Amino acid sequence: MAESEEEVNVLVQRVVKDITNAFKRNPNIDEIGVIQCPEARCNRSPIVLVENKLGVESWCVKFLLPYVHNKLLLYRQRKYWLDREALGDITCTLLLLNPDFTTAWNVRKELLQCGVLHPEKDLYLSKLALTRFPKSPETWIHRRWVLQQIQSRKQEQGDAAQVDGERSHQLSDHLARTLHQEMKVCSNAAGRYPSNYNAWSHRIWVLQQMAKGNVKVFHDELSSMRLWVSMHVSDHSGFHLRELITELSKTPAANTITTCPSQCQSVATPSTSPHHHSCARSNGQLSRGDNGTDEEERQLSSTTVLQLFHQEMELCSDLIQSYPGHETLWSHRRHVFYLWHHWKREHQHLSSSDNSSSVNGNRQKVESHGGDGGLPKVNGESCADQVESQKERSPTVEPMDVDVLSLHDSKRLKRGVPLLSITLSSEHSFLDEIMDRCSNPEQRRFALAYEKWLDTVIGQRP
Amino acid sequence: MLDKHADYIAAYGSKKDDYEYTLSEYLRMSGIYWGLTVMDLMGHLPRMNRNEIIDFIKACQHECGGISASIGHDPHLLYTLSAVQILCLYDSLESIDVDKVVAYIVGLQQEDGSFAGDKWGEIDTRFSFCAVATLALLGKMDKIDVDKAVEFVLSCMNFDGGFGCRPGSESHAGQIYCCTGFLSLTGQLHQVNADLLGWWLCERQLSSGGLNGRPEKLPDVCYSWWVLASLKIIGRIDWIDKAKLRRFILACQDDEMGGFADRPGDVVDPFHTLFGIAGLSLLGDDQIKPVNPVLCMPEDVLQRNGVQPDILS
Ligand SMILES: [Zn+2]
């Protein structure tokens, strides 16, 4: 190991250069790591490139990090000069070793702003850092900043070339690619660390920023995530995303306006622009009929929402039965049922009064005792109904759902999708079944807690 | 045992090697706050080097008014709050330019009421908490648009009564602590659904007695503090098994070297040492000074500064 200041200096500069060269030699490096190796082996670089994996030998990290760290801080205090290229190299090394060093990311932001660094390069660097530190909050924060930079640059270009159809198509291609890339980065980090809050809230941010109200993107997310959550039944964050998408999909705004594929340009434009709407008409996969009225679209889309809720509850039931004793699954059930309960109320309200003000109702405030006020009495079933529904979980429509379902009956039947109704009593019979058949004490505990939740939060036991 | 914990904290700063120091320098200001607060709670604050620390903080204030984690680092709301908390412990707010700190915070409020953590614009409810906590300690809450700020935090409330980092984000005990603390400092605790949130928070207690931060996560001393403090703020602390939690926290101590770890058997650090001691204080340990659940500072310090955050009963 190097001893004197001078030796360290020379060695570190060599290592930083080796790292830079490794990226030049192989631009497809997809993972970084530290190789456990307590002693230096003479005349061999501590930087090892095997296929697409870049490794740093552990003996050198101990002095490499303090050295580059202090150099950058001296530069920041204007006590030491580094040219732009050296700054890029040093911050790269630094951030691969210690990605929560906020100031180093900020130096790169400045380099990006003056055009020395390319945004794509920072998306790549942060992606690599996340392979070793999948939670690193500062890395996710930098990523969001870079994405915003890219988005606003593209938007400026888009504004300048509004009439140029081909140009706008390129823009939307880019957006679709970015979406895809971000989902991949998030999935990767979510796989490396369970219930990775920073990864999942980044994913939510991306969906909110880039796929504003695009039902096609939402549905793609739901189906692509289905297998993942089934294999990660303890990952509360994964299920939370499904809940959020379900919630976003059920707002009339999302359903009536944006049903175009993700490569469509409208993704980037505000959901209120006229172009958006026409696009939905011509490319819409979920809403059909070129001259359909808003009312018709709404009915069609509520069929989709209905299906979405049923699929989600079915998935949840299957998982609860296959993997007993997982708090995450029971928590998911609460949330989905809650959303369903409120959607149903809103929707009935909407159908009867055609009141579009409930667009804002998607994040309504939580009422602790489910006081329904003047809304239709959704849960006013008789005991007889309950007994009946307990006896047969058949695909029949219970009285309370008629209002909602009758609108779409014909379409639903045309598609041949039999839907079980989700009601308080169907939830209670699901619980009875669990309690009858399952001896897992945790499962029973969660089932009882869910029952108590239904009674207190949703209210009115049927 | 408290003496051992104090020895551990007192020795912490001096024994660190270059590498360890570098790795955590990006949060040094918060590290100092953790160490000093836990020392004060145990009655050992005079053992720390007051003048050195105050000089350090002065050197970390930037032209813009914001304060950074360490010298040469960039300013951020997180470390601005930690610095102001430390100066309150030492009764020496006058050693920095308070007006500039206020201007820095005011400048970070966005149109929707949210706060960016620094000039680069990241939004998080944690930063809303940092902003109002700092202003409360400085007695300058009226300088920001409080109504808008409240509106934003409430937009991050979820169906389970909890809060996430941004609208639509998952409920998380750390974010809940920030948001209930924020609503306490802004006098808006009545906007919390205390029964529903209390329910969710109680479900964080596991059979070990420890609390986790989200469903199916491991129990952790720091999450135990965030959940416990939130329960205290919304007046529902009696809803959990306090004796069991106390046993869990005590099991996370290092009996020989002092300090607390996240879980029994893990390596201790100052962060978990503060939250272990603060948790024991909230649970009523009379060898430790009473801690304020909102600001995680000794109650006597807040009384001296005339800060009295709301608590639901
Ligand atoms: Zn912890």
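Each value in this text was obtained by applying a stated rule to the coordinates, not by laboratory testing. Just so we're clear, the structure is a prediction, and the values are computed from it rather than from any experiment. Ideal geometry is used to build each Cβ from the backbone, glycine not excepted, and the neighbour counts take in all protein chains shown.
Below are the figures for this structure:
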{"item": "Förster-model FRET efficiency, 35 Å R0, A:Glu31 and B:Ala103, C-beta, rounded to 0.05", "result": "0.20"}
{"item": "Average beta-carbon neighbours from other chains, 10 Å sphere, peptide B:22-32", "result": "4"}
{"item": "Greater than 25 Å apart at Cα, pairs in A:Lys135/B:Lys244; A:Lys71/A:Lys121; A:Lys17/B:Lys58; B:Lys217/B:Lys242", "result": "A:Lys135/B:Lys244; A:Lys17/B:Lys58"}
{"item": "Once exposed loop GluC sites (Glu not before Pro) are cut out (DSSP; at most 11 other Cβ, 10 Å), longest piece of chain B", "result": "B:112-255"}
{"item": "Separation between Cα centres of the stretch A:23-60 and the stretch B:267-293, rounded to whole Å", "result": "43 Å"}
{"item": "Ranked by how many other beta carbons lie within 10 Å on average, peptides A:324-333, A:450-459 from highest", "result": "A:324-333, A:450-459"}
{"item": "Cβ-Cβ FRET estimate between A:Trp228 and B:Asp147, R0 fixed at 60 Å, reported to 0.05", "result": "0.90"}
{"item": "Calculated FRET value between A:Arg445 and B:Ala243, using beta carbons and R₀ = 22 Å, to 0.05", "result": "0.60"}
{"item": "Simple spin-label estimate for B:Lys58 and A:Lys24 in nanometres, 7 Å along Cα-Cβ", "result": "4.8 nm"}
{"item": "Relative contact order of the stretch A:1-117, pairs being alpha-carbon contacts under 8 Å that are 6 or more residues apart, as %", "result": "21 percent"}
{"item": "Rel. contact order, % - alpha carbon contacts under 8 angstrom, at least six apart, the stretch B:108-186", "result": "30 percent"}
{"item": "Projected label distance in nm at A:Val8 and B:Ser207, using a 7 Å step from Cα toward the beta-carbon", "result": "5.1 nm"}
{"item": "Partner chain coverage, peptide A:335-345 - average Cβ within 10 angstrom", "result": "1"}
{"item": "For the stretch B:100-135 and the stretch B:136-160, distance of Cα centres in Å", "result": "10 Å"}
{"item": "The stretch A:45-104: trypsin sites (Lys or Arg not before Pro) in DSSP coil with no more than 14 other Cβ atoms inside 10 Å", "result": "A:Arg78, A:Lys79"}
{"item": "Contact order relative to length of the stretch B:50-151, as percent, for alpha carbon pairs under 8 angstrom and 6 or more apart", "result": "24 percent"}
